[in-house]
1. Among the residues of region 143-159, write down those that are among the aliphatic types (A, V, I, L, M) and within 20 Å of Gly53 (Cβ to Cβ).
2. Which residues, taken from region 96-139, are within 21 Å of Glu59 (Cβ to Cβ), of a type outside the set (S, T, N, Q), at pLDDT 65 or above and not in a strand (DSSP E or B)?
3. Every residue in region 131-154 that is touching a helix residue (DSSP H, G or I) at 6+ places or on another chain (Cβ under 6 Å) and without any contact (Cβ under 8 Å) to a residue 24 or more places away in the chain, please.
Amino acid sequence: MSDHGSSPSGAEPPARAAAPRVSARAVVVDQERRILLIRHRDDGREFHVLPGGRVEPGETTAEAVVREVREETGLRVRVGELLWVREYLPERHPGNSYHRTRLQQLQLYFRARLDSDAALPATAPDRTQAAVVWHPLAALGELVLLPAGLEIPLTALGTGQAASTPVYLGDLL
């Protein structure tokens, strides 16, 4: 390859895809076996996600969980162990209408516990965020939960069978 980035034949090397976007999410379950979720409404659709988001430069994944949960819910959490790793490869999901981004994503799911009972107002909710809800783990099937398939390891967590759930969840929509 020459100093200018082209091959000796003069052909340009193939374009590189952007690096995967890394995000971190919190799995917060209270003593009543309810899970903390963010309800979104967008284009007439309603769906739920775990609180969390993008890891900012210079921030650890645990710091991102704490920041995102506080921004989205107003709650303070302590981050525990890593539960699951999930990937999203947009080219494998043509026609997907829930993910606005076409970026490859790597999501890390951490167990988190409330640091205090005092709720603060959310400081920077997403524009599509409609509500912060506590929903019974046993009734996750009633919701559109994203990514699809996440209710399986969450239900296992609620029944104490999380240890039997693989850490790597694969490419989920």
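1. Passing the criteria: Leu143, Val144, Leu145, Leu146, Ala148, Leu150, Leu154.
2. Hits for region 96-139 are Leu103, Asp115, Asp126.
3. Residue satisfying the conditions is Glu151 alone.
The values are calculated or read from the model by the stated rules, or taken from the named source; none is laboratory data. Here the structure is a predicted model, which is why all the values come from computation and not from measurement. Using ideal geometry, Cβ is built from the backbone for each residue, glycine included, and neighbour counts are taken over all protein chains shown.
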